[in-house]
Every structure is written in C-alpha cells, then in structure tokens.
Amino acid sequence: MPHPTRRSVLSFGAAGTALALLPHHSHAAAIQPGLSPGLIYAAGQKFDKSFNEGAFAGAERFRTATGIAVAEYLPSTPVQFDQAAAALLRRGVTDLVAIGFYYATPLARLAPAHPAVRFTLIDAVAEGPNIRCVTFKEQEGSFLVGVLAALASKSGTVGFIGALDIPLIRKFIAGFEQGARHARGDIKVLVNFVGTTPAAFNDPATGAEVARSQFQRGADVVFAGAGVSNFGIFAAANEGRRLAIGVDSNQNYLYPGTILTSMLKRVDLAVESSFEAARQGKWTAGTVALGLADSAVDYALDENNRDLVTTGMIEAVEAARRGIVAGRIPVADGS
C-alpha cells in the first residue's frame, strides 16, 4: 500500500515514559523470550484498503523483520470480541492488540483476568495496569485535507460523510471544518452519516446514496470517513465527476483523478511499535495521542493525485501543518 514520502519515527509518551517506535528491529536489545503476538481486527473486512489493512501491514512488517508470527482474528461483528480474545488467549498469546473504539468496554472487563498479558487498544481508551491505548489526533490530519478540499472546490460547498455520529468521527468533522474555513472563509460544509450503528462502516450502497445527496446539494468535494462504506462514496464521486477524500490508508489509487487526497492515520506503525516494544522489553501501559508532530496523521500525495493538487495548494497545506505543529493554529477536537 503506497504512502507519501514523508515518514519519520514516532515517539510515544506513555505513563510518563518515552517509547520510540522501532522500525529497524534492533537485535542488540534484550529480546523477551516467549513472545506470542496476536491481533484482533475491527469488525468487517481484513483487506479493506483502510483501517484493518493498515493494521495488517504493521503486523506483517513485524513478522517479516523478526520471524515471529502474529495470530489473527477477524470478527464479523463487534460483539464477537470476547470470542476472538478467548480464541487467541487459548493459543498462548502474550501481547494482544485490538483495533477499534468499540472494544474499549469488553477489553477493560477482560484485562484484569489476564494480568500477564499485555493488551494494546487502538482508537479508544480503557483503563488498566496491563492496557496500553493508542489514539490519534484525527482533527489535525483532517484540518489538512479540509484545506485541500476548500481550495479544490469550485462550487464553494464541500462535504463530510461519516459512518455514524460518535466522538471519534466528530474529531474528523471538527478538523475538516476548521481546515476548510481556514483556507476559505466562505466555504459551506455539509455533514451526513451513513447509519447509526457500527454496521455503517460496512455499507457501501448507503454510502453512495449519501454522497449523491450531498452532490445534489452542491458539494463537489466529499471527505469519506466511513470505512468500507467509502467504496460506495468513491464510486458515486467518480460517476458524478466530483472529488472525494480517502481516510486511514492511502486510497488515492482506488480512483486516480477522483480522489483528491487521503487523510493518513498510521495504524500500521501503532501495531508494529506495540509488538516491537514488547519484544524489546520496553512495552508500557498508559495512553498516548499521536498527531502531526509525530507523523502519525498526514495527507497523501502521489502519482495518483498529483495532477489534482496544485503547487499553491501544497504551499497552503504545508503552511497549515507548520502552524499546527508549532502551536500557532489550534485545532479543536469537536468534544
């Protein structure tokens, strides 16, 4: 899966201790014996060209670099978390990474019964002495793509389509709206949702319907934050000769010339770093939020969208990046 050329090592501050992402898998470290990593994907599709596929990429890089296999479980619905965790724990998993906000409650309930297991939750927060939580400052990356959307719009109306109305998605909305208005004070921003339950992340048909409704109301650029439902949004944008923005992974290649950019969320590095930290005996519990300053969120620029993004647009979005990282441009998270 392609990524933009900008890529740097993240630094995590968890429980007061700095933990660096370790992409080079240093063999000089004190390697922990008996490491057995496991991964519970978000409910849906493993190769979703988005969130889950990013998690897979991180686990696969760890396996390739270390030779340590990663056990996996793909639930069909979020309520299968207990079944998934039980299956992996029976296989002797020592380090379990769970992908998805809806696993917070069941993970907090499960972790105390397995104090020797290191649990990492990505995209939500759960408390526990053996739980590490990795969240992202989605609002910062969404600000950048909001700048690009506003500058690319010819109609003066852009849209955001989320899976459902939850605090996580509101972070995307807040950043997108702020970025769009930062670039163009008169921009109009439409906001709609695919559904009201987590099933909305896997409903491309409804995603396409919502996109068409926004196009009918004048939107000519839509930011798709809806998981697998994005496929329907992208198809509708392509058919209607509008522009769309991808999310989580670089989705530019799905419809070259239609996808303006993608808001990157480096789930792959979060997964890889958790396993590598455990391997080197540096895993710590606690919560960390990663943003632009950590290169954990970003926008994608490659051969598939380069003709859509002008030099002036790049200059504007990079100025916004510098302002956010330096603290000159505060970005509210919608809470």
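Observations, loosely collected:
- Checked against the criterion of being assigned to a strand (DSSP E or B), assigned by TED's automatic domain parsing to the domain that holds ASP248, over 21 Å from GLN251 (Cα atoms) and not basic (Lys, Arg), the candidates VAL189, VAL222, VAL158 yield just one match: VAL189.
- Residue, surrounded by the fewest Cβ atoms within 10 Å (Cβ to Cβ), within the range 188-212, restricted to residues that are β-branched (Val, Ile, Thr) and closer than 22 Å to ALA42 by Cα: THR196
- When GLY227, GLY312 are checked against the criterion of being in contact (Cβ under 8 Å) with a residue 40 or more places away in the chain, assigned by TED's automatic domain parsing to the domain that holds PHE143 and over 30 Å from GLY195 (Cβ atoms), GLY312 stands alone in meeting it.
- Filter pass, GLU276 being over 17 Å from LYS49 (Cβ atoms) and buried (at least 24 other Cβ atoms within 10 Å of the Cβ): yes
- Residue within the range 63-70 that is over 15 Å from the mean Cα position of the chain (by Cα), under 26 Å from LEU264 (Cβ atoms) and without any contact (Cβ under 8 Å) to a residue 12 or more places away in the chain present: yes
- Single residue of LEU290, LEU269, LEU301 found to be closer than 15 Å to ALA149 by Cα and either assigned by TED's automatic domain parsing to the domain that holds GLU60 or hydrophobic (A, V, I, L, M, F, W, C) (or both): LEU301
- For LEU151: the one exception among (1) within 16 Å of the chain's Cα centre (by Cα); (2) closer than 30 Å to GLY323 by Cβ: (1)
- When residues of the range 102-147 are limited to those that are closer than 24 Å to ALA200 by Cα and of a type in the set (Gly, Ala, Ser), the one modelled with the lowest pLDDT: ALA124
- Hits in the range 77-101 - residues which are within 17 Å of VAL271 (Cα to Cα) and modelled with pLDDT under 95: GLY100, PHE101
- Only one entry in THR157, THR135 is within 20 Å of TYR299 (Cβ to Cβ) and out of contact with any Cys (no Cβ under 7 Å at 6 or more places or on another chain), namely THR135.
- Condition met for ILE233 (β-branched (Val, Ile, Thr), buried (at least 21 other Cβ atoms within 10 Å of the Cβ) and not in a loop (DSSP other than H, G, I, E, B)): yes
- Output for the range 103-135, where each listed residue is among the basic types (Lys, Arg) and either in contact (Cβ under 8 Å) with a residue 40 or more places away in the chain or not assigned by TED's automatic domain parsing to the domain that holds GLN83 (or both): ARG118, ARG132
- First in the range 287-298 and more than 16 Å from VAL271 (Cβ to Cβ), second anywhere and of a type in the set (Val, Ile, Thr) and part of a strand (DSSP E or B), Cβ under 6 Å, 6 or more apart: ALA289/THR135; GLY291/VAL297
- Test: residue in the range 47-70 that is surrounded by fewer than 16 Cβ atoms within 10 Å (Cβ to Cβ), modelled with pLDDT under 95 and out of contact with any strand residue (DSSP E or B) (no Cβ under 9 Å at 6 or more places or on another chain): yes
- Which listed residue is at pLDDT 95 or above and over 22 Å from ASP48 (Cα atoms), from PHE223, PHE215, PHE172, PHE234: PHE215
- The residue list PHE172, PHE215 contains one member that is of a type in the set (Phe, Trp, Tyr) and either in the same structural domain as THR77 (by TED's automatic domain parsing) or surrounded by 24 or more Cβ atoms within 10 Å (Cβ to Cβ) (or both), which is PHE172.
- Top-ranked residue of the range 286-307 - restricted to ones that are assigned to a loop (DSSP other than H, G, I, E, B) and touching a helix residue (DSSP H, G or I) at 6+ places or on another chain (Cβ under 8 Å), ranked as surrounded by the fewest Cβ atoms within 10 Å (Cβ to Cβ): ASP302
The values are calculated or read from the model by the stated rules, or taken from the named source; none is laboratory data. None of these values were measured; they are calculated from a predicted model. So basically every Cβ, Gly included, is an ideal-geometry build from the backbone, and we count neighbours across all protein chains shown.
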